[in-house]
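Colleague: Dropping the structure in here first, questions after.
Bear in mind that the values in this text are calculations on the coordinates, not laboratory data. Computed from a predicted model, the values in this text were never measured in an experiment. Note that we place each Cβ from the backbone using ideal geometry, even for glycine, and neighbour counts take in every protein chain shown.
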Amino acid sequence: MAENSNPLWRSAAGASSDLATLRESLVFAERRAATLAELAALMSEGRDPLALAQRSVELTARATRAAGAFVYLWDRDTQRLVLQVATEGWQRAHLGRIQLRMGEGITGWSALMRQTVVIAKDHLQDPRSRPFPELRESSFKSMIAVPIVAPGEEVLGVFSVYAPIEDAFTGTDVNLATEVGSLLASGLIQAETVNQLRIQSAAARFLRDLPDQAWGSLGQCLHSMASQCAVHLDADICMIELAIDRGHPHGGPTAIVTTQRFRDEHNVHIPDDSLDRSSLAQLLAPLGLQRLRIPLAAAAPIGAVTCYRSGPFTAEDERLLEAIGTQAAAGVLSLSGTERVRPAMSQLLSAPDQATTEQLLRRYGWQPQAAWATVLRIHLTPASEPRDPDDDRVRTAVLEVFAADSRKFLLLGGHGQYLALAPGADPAAREPVIRRLSYLGRQPGTRLTAGIGPVATAPADTHTAIRHALVASQWAELAASDGGAIVRYEDVAHLRLLPSAALENSADLKALLGTLGAVVRYDLDNGTDLAQTLDTLLANRGSAAKTSSQLFIHRNTLRQRIQRIEDLIGQSPEHFEDWVIAGLAARLIRCSLPPDHSTPHERTRKQSHE
């Protein structure tokens, strides 16, 4: 009898295997406990967000035996996921340079869908992959991407780990990465809260620290406020301009304060009260100073505060100036008697629940009612005349879009990014606004993306409506061409299921794409339109009559094209086993043609119009 057939031997071998598995589980449990304990300790110390994220990737890479780990953080200003943290290696040289739109690449998909993604084999072949050669990702074979999501489903970033071998990560590795992602979310929120408290503290002291004589007149108040802003922002020049006095030659009072440091370095004299924004910008243009500007007030701005300095301004500087600007507006309004205040768009977009949203909306004068939300982004391309994205003309154009219906609405934001809340219980009421937004986006040098939320028929649903508008805007950013895009939430809500469906059919789709690539190459080499023919044929489920009618060709011509396609791919396109997958592959193949490729039919039609 063979040795391995002995029951006692098999029992001993099984016990040894179980013991080894148990030991391995205990070792991993110890690593997991140590990793989470150290991260929790770092959070309690109030570490800087980047320092916390850096330590997280190092500990997780060690615990999961990964070769690399990255953290992409969501930048609200650029509306991009930005690589901010990486383990030791060549990837660190590209921190801050690698950026992804929401939904772009596997990392972007994880963020957009708020789902953990596990790729066991050759992640670069995944349909969602967005390779960056400079990161040398080809050296990795498997990965885990975990969304860093705050309460209320706000995406803060994505945490990912990579390994150089296939099937490198076990279920326990995935669980650990998910736990670290949750801890990172808490740590980032905590760090943001501490920073907000610091900003709020500075803002709260802003009016209190003004000298008593500042309240003697509006002019004195503006000068004192400008001086305070220059100190808080370490700015060389600070200008506060108002638009509440239409009798003034420049639209309202202006106060400009320059520091002694600036005067000594540049020997430039700037008159405090005789310049407007454009004149000051022209005077300072040769000096190459950086500029930060925010409006004072919201739907009806009462002015703006602008700071200049030699070094760049950070996102934290902008939040600080925004908080100070709110206090400055309140101080000005207390002297001018105007009842308007400026809210912060980001507060509503990051509100964690309905109660917070309702509280903020009431503060901004919005009454509970049926409404729908729009999250809007306007980018002025280099082809347009040089303008500030928050130029008065741009904001005025946005105001006109929503004011055309002569209804009360709320418009928040600036610097080309806006949140609008319009009343109405009928979804059809959104359409005129969507048409006007589309027209605005077609203006020369303008790129507009917008997410249109569903109608919140009950006031209690307003928070969800705003969140859905934000999600739709992220899809618009993902789908936007050079001309921009407008997306309704109901048109993309179901696409949360798309990643799982795509992965389920990935192998078949990949094989078909490889086969149909010959059709694209033939079209490019010969100026034909076989890809369009194939797409139309499959869309019509093989109907020759419908296909030839839609393509405006004779059936014999269609038969010739089908025969050519069969010669190229080795099988008749009329005999695909799965018409759905084949049709999707054909559509993707057709979309892969360069934008300037035109078919004979399109060229003929173009010539007939000339």
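Colleague: Given a cut-off of under 8 Å on Cα pairs at least six residues apart, what relative contact order in percent is computed for region 347-492?
Modeller: Reported relative contact order: 31 percent.
Colleague: Quick check for me: using +1 on Lys/Arg Cβ and -1 on Asp/Glu Cβ, what's the dipole size of region 98-151 about its Cα centre, in debye to the nearest 20?
Modeller: Dipole magnitude for region 98-151 comes out near 100 debye.
Colleague: Neighbour counts of other C-beta atoms within 10 Å: give me Thr557, Thr462 arranged from fewest to most.
Modeller: Final ranking by Cβ density, sparse to dense: Thr557, Thr462.
Colleague: Residues with amide H under 5 Å of Ile148's amide H, sequence separation 5 or more or different chain, H placed in the peptide plane at 1.01 Å from N; which?
Modeller: Leu156, Gly157, Val158, Phe159
Colleague: Here's another thing I want to ask about it. Give, rounded to the nearest 20 debye, the magnitude of the charge dipole that region 347-492 has about its Cα centre when Lys and Arg contribute +1 at Cβ and Asp and Glu contribute -1 at Cβ.
Modeller: My answer is approximately 180 debye.
Colleague: Let me ask something else. In whole Hz, what ³J(HN,Hα) sequence does region 507-520 give by Karplus (6.51, -1.76, 1.60; θ = phi - 60°), x for Gly and Pro?
Modeller: Result, ordered by residue: 5, 5, 5, 4, 5, 5, 4, x, 5, 6, x, 5, 5, 4 Hz.
Colleague: Could you pull out every residue, at least 5 positions away or on a different chain, whose amide H is within less than 5 Å of the one on Arg80? Hs are placed 1.01 Å off N in the peptide plane, and Pro or chain starts have none.
Modeller: Asp75
Colleague: Using θ = phi - 60° and the Karplus relation 6.51 cos²θ - 1.76 cosθ + 1.60, list the HN-Hα couplings for region 262-268 in order, rounded to whole Hz, with x at every Gly or Pro.
Modeller: Once θ is set to phi - 60°, the couplings for region 262-268 become 5, 5, 5, 7, 10, 6, 10 Hz.
Colleague: Using amide H atoms built 1.01 Å from N in the peptide plane, name the residues 5+ places from Glu104, or on other chains, whose amide H lies under 5 Å from its own.
Modeller: Trp109
Colleague: Dipole of region 419-549 (Lys/Arg Cβ +1, Asp/Glu Cβ -1, origin at the Cα centre): which of Ser549, Gly527, Ala422 lies farthest to the positive side?
Modeller: Ala422
Colleague: While we're on this one: How do the peptides 140-151, 306-317 rank, highest first, by the average count of neighbouring beta carbon atoms within 10 Å per residue?
Modeller: By packing density, highest mean first, the sequence is 140-151, 306-317.
Colleague: Under the Karplus relation 6.51 cos²θ - 1.76 cosθ + 1.60, θ = phi - 60°, what is the ordered set of whole-Hz ³J(HN,Hα) values for region 66-78, x standing for Gly and Pro?
Modeller: 7, 7, x, 8, 10, 10, 9, 10, 6, 9, 5, 6, 8
Colleague: Got a sec? How would Asp426, Asp234 order by Cβ neighbour count within 10 Å, fewest to most?
Modeller: Final ranking by Cβ density, sparse to dense: Asp426, Asp234.
Colleague: For region 347-492, build the convex hull from the C-alpha positions and give me its volume per residue in Å³.
Modeller: 101
Colleague: How do His94, His463, His269, His232 rank when sorted from fewest to most other Cβ atoms within 10 Å of their own Cβ?
Modeller: His269, His94, His232, His463
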